[in-house]
Amino acid sequence: MSDSQALIAELVNANEVVLFMKGTPLFPQCGFSSRAITILERLGANFETVDVLQDPEIRQGIKEYSDWPTVPQLYVKGEFVGGSDIMMEMFESGELQQLLGADSGLPA
Amino acid sequence: MGMPAAEIEAMILAAFPDAAVEIRDLAGDGDHYAARVVSSAFAGLSRVRQHQAVYAALKGKMGTDLHALQLETAVPSGDHE
């Protein structure tokens with residue numbers, strides 16, 4: 001495992017909910033990342049973010065880590081959940097609320 | 001960068017010959033698309049696996065030549081488990 005893969009594994013496993021994105025929650029640098037943040041905030045989720053624009057190795061490595069060609073990418077409890085399209089589908093169907101569990105006890 | 005919608009559709013159809021493919025050019029710039037792909041090949045696959053199968057059909061164009069592809073996948077109705 002390369003350094004970047006080991007670092008990504010550490011980030012994914014150390015944080016219950018982590019979003020790899022372009023930019024920050026306050027200043028997302030891409031519409032898809034912005035959409036992912038909106039969904040997580042709407043659910044009242046506690047989450048960490050990793051700005052892939054700050055680290056070219058993570059930016060490239062995250063695509064290999066999950067065999068997924070784009071950012072954002074959401075991980076919950078160490079598992080890859082999907083990108084913003086899948087997040088939106090799961091949000092609309094209520095699955096994402098369920099996955100994020102009791103800590104998002106807010107009405108959807 | 002970017003690629004024409006017809007090329008995206010052709011690559012998807014090459015991998016999923018039975019697919020119904022709808023592509024919309026979201027920004028009119030040939031670089032931001034939305035696609036809906038309905039194929040029986042997706043039956044039994046998780047959403048992540050379905051999207052990965054479409055990305056695989058695009059053979060590395062996704063995230064390089066093609067910046068944005070909003071993707072929705074489904075199995076044909078009546079074909080659900």
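Every number in this text was worked out from the coordinates using simple rules, so none of it is lab data. Everything numeric in this text was worked out from a predicted model, so none of it was measured. Don't worry about glycine lacking a Cβ; one is built from the backbone with ideal geometry, like all the others, and counts go over all protein chains shown.
Here's a check for you: in the stretch B:47-72, which residue that is at positive phi and at the interface with another protein chain (Cβ under 9 Å from one of its Cβ atoms) is surrounded by the fewest Cβ atoms within 10 Å (Cβ to Cβ)? If we take residues in the stretch B:47-72 being at positive phi and at the interface with another protein chain (Cβ under 9 Å from one of its Cβ atoms), then B:GLY60 is surrounded by the fewest Cβ atoms within 10 Å (Cβ to Cβ).
Taking the criterion of being among the small types (Gly, Ala, Ser) and either part of a helix (DSSP H, G or I) or free of Cβ contacts under 8 Å to residues at least 40 places away in the same chain (or both), the residues of the stretch B:1-26 that qualify are B:ALA5, B:ALA6, B:ALA10, B:ALA14, B:ALA15, B:ALA19.
For every residue, the table says whether it meets (1) assigned to a helix (DSSP H, G or I); (2) of a type outside the set (Lys, Arg); (3) surrounded by fewer than 15 Cβ atoms within 10 Å (Cβ to Cβ).
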residue: A:VAL12; (1), (2), (3): yes, yes, no
residue: A:LEU26; (1), (2), (3): no, yes, yes
residue: A:ASN46; (1), (2), (3): no, yes, yes
residue: A:ARG59; (1), (2), (3): yes, no, no
residue: A:THR70; (1), (2), (3): no, yes, no
residue: A:MET87; (1), (2), (3): yes, yes, no
residue: A:GLU92; (1), (2), (3): yes, yes, yes
residue: A:LEU99; (1), (2), (3): yes, yes, no
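Inspection of the stretch B:12-29 finds a residue satisfying the criterion of being under 25 Å from A:GLU95 (Cβ atoms), more than 14 Å from every other protein chain (Cβ to nearest Cβ), within 13 Å of the chain's Cα centre (by Cα) and aromatic (Phe, Trp, Tyr).
Which one of these is under 25 Å from B:ALA68 (Cα atoms) and within 14 Å of chain B (Cβ to nearest Cβ): A:PHE27, A:PHE47, A:PHE80? Going through A:PHE27, A:PHE47, A:PHE80 in turn, just one is under 25 Å from B:ALA68 (Cα atoms) and within 14 Å of chain B (Cβ to nearest Cβ): A:PHE80. Only one of the numbered conditions (1) surrounded by 15 or more Cβ atoms within 10 Å (Cβ to Cβ); (2) closer than 20 Å to A:PRO72 by Cα is violated by B:GLU9, and that is (2).
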